[in-house]
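For reference, the structure I am asking about is given below.
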Amino acid sequence: MPPDSPSPETYPPRVGAFARALNRARLLRSYWGKEEISRGIPLAMHIEITNRCNLECPMCLRDVYPQEDRDMEMSLFLRILDEIGPWLDMAALYGRGEPLLCPTLLPMIRECHRRRIAVKLCTNGTLLDEAMSEALLREGVSHVNIGIDGNSPEVYARYRKGGSFAAVVENVERFLRMKIKLRARTWVAIQMLRMEGTAPEAEAFVARWRRIAGANAVRVKEDEVKFEGYDVNFLVPRSSDTPCLFPWLGPVEVLADGRYHFHGWADQCLTINAYDTGVIAAWNGPEYVAWRRAHLANALAPYDWCARCLAPKPRWLLTPVAFLANQDWVAKQVGRVEGVAMGPLKRLNLFVR
């Protein structure tokens, strides 16, 4: 545990281990039973604490689905944690914005940790200065994903408009050095999206960051937005025999303005708002039920993002792990699982398809 981290004795109590295990089993039973009403409470949440960003990236959907710039109100954030915090493994405090811009980021992290909820962040690294780096590491953030699209100033400038490649590299290298110095347990993933300009630099990108101590994973991720037409060709159409996990497992996603959001980047939000409706009520509300029903019937036309999702479908061998394992641990395996899904085990067709 890094210095000055909150002591576990200061955390409020959580739901007992037996109750939490029973909740996980209920979620899995609802999925395996293809039930439209979930028997359990979600284990993770994506909470968009701000939709503001300091970069203008052409592959980002912020311009396609514009929103009024805003930060999530602390009162709503606390209300969400008070309702399902005792059940949560992990809270991902990011969305379409840059989370390090949120003025209440550190208090929000502390509120999660008071409830023993692991925190995951995804950042472009431009604001990861020395002070912010030390604060995140000392607060004990569990998972930090850093996006650097390019391995040269020219390519980076093409995709990360408004950022400086040299400054970001300096920030990330300092962050990794500080992580080692503080003996922090933060799991750090460094990733690049595979696009027309970045693809030729993928090998050099991986080699560069694997040489630097402190990074737990370095990956080149497929561009789910398909900004320049890049796609994964081996994926087969989804079917109702093994529907997507997300409608049953979660995470539940709430945008900065309080709207509940179906998993994915597309602007497919529920008409209800977190300011008016609790998380559990939304989780089993008519819109979530309709979403599950569409997956069961493989009738995804109303859900554009789901219809063209790149995520592989797990076979039964991995499904229990997804539901029964701690979601913080699962999140840290995403890079490795994606490597398996796109590598030899994919061809063996044992775990995913």
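Coordinate-derived values only; no laboratory data. Nothing here was measured: the structure is a model prediction, and the numbers come from that model. Note that we place each Cβ from the backbone using ideal geometry, even for glycine, and neighbour counts take in every protein chain shown.
Sort the following peptides by mean Cβ neighbour count (other Cβ atoms within 10 Å, averaged over residues), highest first: 295-308, 75-88.
Ranking, from highest mean packing down: 75-88, 295-308.
Same structure again: Over the Cα atoms of the stretch 8-309, each weighted equally, I'd like the Debye log10 I(q)/I(0) at q = 0.10, 0.16 Å⁻¹, rounded to two decimals.
With no solvent term, the Cα-only Debye profile gives -0.59, -1.46.
Still on this structure, I have one more. Could the peptides 114-120, 19-25 be put in order, highest first, of the mean number of other beta-carbon atoms found within 10 Å of their residues?
Details: 114-120: 21.0, 19-25: 15.7.
In decreasing order of mean packing, 114-120, 19-25 become 114-120, 19-25.
Relative contact order, percent, of the stretch 8-309 when contacts are C-alpha pairs under 8 Å separated by at least 6 residues? Write out the running numbers ahead of the final one.
Working: 515 pairs, mean separation 61.3, N = 302.
Relative contact order comes out at 20 percent.
Okay, moving on. What number does the stretch 143-225 give for Rg over Rh if you use C-alpha atoms and the Kirkwood radius?
Here Rg/Rh amounts to 0.96.
Round to the nearest 0.05 the FRET efficiency obtained for Ala21 and Leu296 when R0 = 25 Å and r is the Cβ-Cβ distance.
0.45
With only alpha-carbon atoms in the gyration tensor, what are the semi-axes of the equivalent ellipsoid for the stretch 34-113, in Å, largest first?
Result for the stretch 34-113: semi-axes of 25, 18, 10 Å.
Projected area of the stretch 67-128, taken from the Cα convex hull and averaged over every viewing direction, in nm²?
Mean shadow area of the hull around the Cα atoms is 4.4 nm².
How large is the charge dipole for the stretch 8-309, taken about the Cα centre, if only the Cβ atoms of Lys, Arg (+1) and Asp, Glu (-1) carry charge, to the nearest 20 debye?
The calculated dipole for the stretch 8-309 is roughly 1300 debye.
Still on this structure, please answer the following. Enumerate the calculated ³J(HN,Hα) couplings along the stretch 35-45 in order (Karplus 6.51 cos²θ - 1.76 cosθ + 1.60, θ = phi - 60°), each rounded to whole Hz, writing x wherever the residue is Gly or Pro.
8, 7, 9, 6, 8, x, 10, x, 9, 8, 9
Just the number, please: Stokes-Einstein D of the stretch 45-191 in µm²/s, Kirkwood Rh from C-alpha pairs, 10 °C, 1.306 mPa s.
Roughly 100 µm²/s, to the nearest whole number.
Obtain the nm distance between the two label points defined at Ser75 and Leu61 by a simple spin-label model: each point lies 7 Å from its Cα along the Cα-to-C-beta direction.
Calculated label separation equals 3.1 nm.
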